[in-house]
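Visitor: Okay, handing you the structure first.
The values are calculated or read from the model by the stated rules, or taken from the named source; none is laboratory data. Given the structure is predicted, the values throughout are model-derived calculations rather than measurements. Neighbour counts run over all protein chains shown; Cβ positions are idealised from the backbone, glycine included.
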Amino acid sequence: MKFLFDSDSWQEIYGSIRKNKIRTGITIIGVLWGIFLLVVLLGAARGMENGFNKIFGDFATNSVFVWTQATDTPFKGFQKGRTFRLTMNDIDVLKTEYADEIKLLAPRNQRNNLVIKDFKSGDFKVSGDYPILDQIQKKPLLYGRFLNENDISSSAKVTVISEEMYKQLFDKGEFPIGEYLKINSISYKVVGVYKRSSNVDIDGDTAYIPFTTFRKVYNTSDKVDWMMITANEGTNIEQMEKDILLTLKGLHKVHPDDERAFGSVNLGKEIGKVTGFLTGLQFLTWFVGIATLIAGVFAIGNILLITVKERTKEIGIRRALGATPKSIRQQIILESVFLTTIAGMIGIIFGSLVLFLIDTAFGQGEDAALINPTVDIPVIMIAFGTLVFLGTLIGLIPAHMATVVKPIEALREE
Amino acid sequence: MIKIEKLHKSYPIGKDSLHVLKGIDLHIKEGEFVSIMGSSGSGKSTLLNIVGLLDVHDEGNYFLNGQLIKNMNEKKAALLRNKFLGFIFQSFNLISYKTALENVALPLYYKGISRKERLKTALDYLEKVGLKDWANHLPNELSGGQKQRVAIARALVTKPKVVLADEPTGALDSTTTDSVMDLLKDINNEGMTVFVITHEEEVAEQTKRVVRLKDGLIISDEITAVGKSKAV
């Protein structure tokens, strides 16, 4: 260890590096490139992952959507192709039967309607919803508030509209809160304006009104168009989805194996497909990065080996002057480790710089493709440690070669 | 200082082996100035390499400073070389990217002496060989004679018991040969044992004892005129 802190060892290394600028440069570039690629690839992969996460970010990722279609199997005297509707009863049954699994359950009814404000109008979706919708898919509000429990219990004629709708229906600079809109000849007071998510958005520009109000106005009695369900932490969502569908099939006298009667989307599963892709991408990144690193380390070993051949005579002289094989070996290994370390550090610095540039070029704004392309410091430390370790290992080969030659043979070399 | 008994050495050449040294007996006492003469192939370089612990002998005994040299591993050999021996080579063997001063200081590095002290000692020895002003020059900026004087300073810097010179003047002209020989004489006068290999009669004449080798055997061993005059 003393050897490491001896300024003379470093003096010797400085001397041999200064003498061989080109080979040192090329060697350093080899390893530098490896770790540079690793850093940039890992960072870019992370950036993509962050990008995907942002796209799904406004949704609870453990959501399941369920709606009804037409049966494809005759059952209990019903012919196939029968259509039916979800009911509030289904909602109550699910809520009690799956109290442990279900976190939020939002029944929804939707229509398309002309929305009128004074002399302006537009065709928009009108959706009867519960306040919990905001928890399943976040509605960032520009003005006012979202629907609340009071609106539900009093079946208030209030609505929350999107920013687009506000721009289309209101005069510029007009304050929307407290104004009235006419939907299907009924006046609603605007209580909030939300901003649509720029990412996954299944509702579009929608006027949200209380579920209870919708039920009265559109006379839907106890029918429900579809529902959004989110699961509690730790629930097996796929299993829950299956169980819920089976319960619903029982309630609606649908054959248990009927594939078409209920439509459902498991958002977690869809996201899983994407994250699976990301995992693959990350694996590829690691593979390419590490392979490049190893190639770089071999380049160092190779060049050191050539150097040792080149310096056989010098090593012979040193040994004639009293250098022990150990001191020769130490010097060559230290040289190898020093080169890999320097190259690694420069590689990390350049890699980080490129990630920074990527971030400023593509990582900003709403539609950024890569968000926060970063690498974890421990990951880099491990890569760096491996690099230095491999550098030592590869340095052993030329170091060994340098000492097996008898000094007299080394001296004879011209 | 150096005692050799029935020394044999052969080199394998393919399936055969070349018997180079065929039983050498030689005793060199401390403070002697000995030259080994012989034509090429007589085995004189081999003898020097064995004496210098750069090579190992096959048979016979070799005592360096009273110590039997046998089953020497590289580490021990390196330490003994560093402690007892100084080398001067025909082709100087300076390290090309190190300055004259650094070259002279190198053996002290392997001795474990601090850098400051090393450079100071090295400079003293460069002054001794008259090259103090050239201390920071690289070998390729020096003439042949200067290079050899740097090499001599390097051989002396560890204060060895024996200085081994393999054709020290082989690559030099007659003027520089004289200056190098004068240096070797000075060293010997200070009490150091000097062991020179040469094929030049003029060089051998300036030493005190000449040993002639032929085909791996000593054919003559005599005190020169210089040696006789000094002895008187």
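Visitor: Report whether or not A:ARG318 is without any contact (Cβ under 8 Å) to a residue 24 or more places away in the chain and not polar (S, T, N, Q). Let's see the steps before the verdict.
Guide: Values: without any contact (Cβ under 8 Å) to a residue 24 or more places away in the chain: yes; not polar (S, T, N, Q): yes.
Yes; evaluated as a whole, the condition is true for this residue.
Visitor: Just to be sure before I move on: is A:THR386 modelled with pLDDT of 80 or more, within 16 Å of A:GLY351 (Cβ to Cβ) and outside any loop (DSSP other than H, G, I, E, B) in the structure I sent?
Guide: yes
Visitor: Please go through the range A:231-273 and give me each residue that is closer than 14 Å to A:ARG85 by Cβ and part of a loop (DSSP other than H, G, I, E, B), ordered by number.
Guide: A:HIS252, A:LYS253, A:VAL254, A:ALA261
Visitor: Has the range B:79-93 got any residue that is more than 22 Å from B:ILE152 (Cβ to Cβ) and either part of a strand (DSSP E or B) or in contact (Cβ under 8 Å) with a residue 12 or more places away in the chain (or both)?
Guide: No; the residues of the range B:79-93 include none that is more than 22 Å from B:ILE152 (Cβ to Cβ) and either part of a strand (DSSP E or B) or in contact (Cβ under 8 Å) with a residue 12 or more places away in the chain (or both).
Visitor: Sticking with this one: Just checking, which of A:THR360, A:THR324 is under 30 Å from A:SER197 (Cα atoms) and not aliphatic (A, V, I, L, M)?
Guide: A:THR360
Visitor: Okay, next question. Go over the candidates B:ASP178, B:ASP166, B:ASP186, B:ASP133 one by one and state the one that is more than 21 Å from B:TYR110 (Cα to Cα), within 14 Å of chain A (Cβ to nearest Cβ) and among the acidic types (Asp, Glu).
Guide: B:ASP166
Visitor: Among all residue pairs at least 6 apart or on different chains, which show Cβ distances below 9 Å where the first residue, located in the range B:177-191, is more than 16 Å from B:LEU164 (Cα to Cα) and the second is among the hydroxyl-bearing types (Ser, Thr, Tyr)?
Guide: What qualifies is B:THR177/B:THR169; B:ASP178/B:THR169.
Visitor: Give the residue, chosen from A:ILE91, A:ILE29, that is assigned to a helix (DSSP H, G or I) and closer than 30 Å to A:PHE384 by Cβ.
Guide: Sole residue among the options that is assigned to a helix (DSSP H, G or I) and closer than 30 Å to A:PHE384 by Cβ: A:ILE29.
Visitor: On to the next question. Residue under question is B:THR176, and the condition is that it be surrounded by 15 or more Cβ atoms within 10 Å (Cβ to Cβ) and in a helix (DSSP H, G or I); does it hold?
Guide: yes
Visitor: Pick from the range A:304-325 the residues that are in contact with a helix residue (DSSP H, G or I) (Cβ under 6 Å, 6 or more places away or on another chain) and surrounded by fewer than 21 Cβ atoms within 10 Å (Cβ to Cβ): which of them is farthest from the other protein chains (Cβ to nearest Cβ)?
Guide: Among residues in the range A:304-325 that are in contact with a helix residue (DSSP H, G or I) (Cβ under 6 Å, 6 or more places away or on another chain) and surrounded by fewer than 21 Cβ atoms within 10 Å (Cβ to Cβ), the one farthest from the other protein chains (Cβ to nearest Cβ) is A:LEU305.
Visitor: Within the range A:84-137, track down each residue that is crowded, with 21+ Cβ neighbours inside 10 Å and among the hydroxyl-bearing types (Ser, Thr, Tyr).
Guide: Hits for the range A:84-137 are A:SER127, A:TYR130.
Visitor: Looking at B:VAL56 and the list (1) within 14 Å of chain A (Cβ to nearest Cβ); (2) surrounded by 17 or more Cβ atoms within 10 Å (Cβ to Cβ); (3) aliphatic (A, V, I, L, M), which single condition is not satisfied?
Guide: (2) is the only condition that B:VAL56 fails.
Visitor: Okay, moving on. Out of A:SER162, A:SER154, which single residue is more than 37 Å from the chain's Cα centre (by Cα), of a type in the set (S, T, N, Q) and over 26 Å from A:SER264 (Cα atoms)?
Guide: A:SER154
Visitor: Still on this structure, please answer the following. Where residues in the range A:389-414 are within 14 Å of chain B (Cβ to nearest Cβ) and either assigned to a loop (DSSP other than H, G, I, E, B) or within 42 Å of the chain's Cα centre (by Cα) (or both), which of them is surrounded by the most Cβ atoms within 10 Å (Cβ to Cβ)?
Guide: My answer is A:VAL405.
Visitor: Continuing with this model, one more query. Scan the range B:7-48 for residues that are part of a loop (DSSP other than H, G, I, E, B) and either loosely packed, with under 15 Cβ neighbours inside 10 Å or not polar (S, T, N, Q) (or both) and jot them down.
Guide: Across the range B:7-48, the qualifying residues are B:GLY14, B:LYS15, B:LYS29, B:GLU30, B:GLY31, B:GLU32, B:GLY38, B:SER39, B:SER40, B:GLY41, B:GLY43.
Visitor: Across the range B:65-90, which residue is modelled with the lowest pLDDT among those that are at the interface with chain A (Cβ under 8 Å from one of its Cβ atoms) and more than 27 Å from B:LYS6 (Cβ to Cβ)?
Guide: B:LYS75
Visitor: Now, a different point. If you go through the range B:97-109, how many residues are at pLDDT 85 or above, within 8 Å of chain A (Cβ to nearest Cβ) and part of a loop (DSSP other than H, G, I, E, B)?
Guide: Within the range B:97-109, residues that are at pLDDT 85 or above, within 8 Å of chain A (Cβ to nearest Cβ) and part of a loop (DSSP other than H, G, I, E, B) number 1.
Visitor: Could you run through the range A:252-303 and say how many residues are closer than 30 Å to A:GLY77 by Cβ, of a type outside the set (A, V, I, L, M) and crowded, with 16+ Cβ neighbours inside 10 Å?
Guide: Here the count works out to 5.
Visitor: More than 14 Å from chain B (Cβ to nearest Cβ) and either crowded, with 17+ Cβ neighbours inside 10 Å or in contact with a helix residue (DSSP H, G or I) (Cβ under 6 Å, 6 or more places away or on another chain) (or both), is that true of A:ILE371?
Guide: Yes; evaluated as a whole, the condition is true for this residue.
Visitor: Out of the range A:267-306, which residues are more than 20 Å from A:ASN53 (Cα to Cα) and β-branched (Val, Ile, Thr)?
Guide: Across the range A:267-306, the qualifying residues are A:VAL288, A:ILE290, A:THR292, A:ILE294, A:VAL297, A:ILE300, A:ILE303, A:ILE306.
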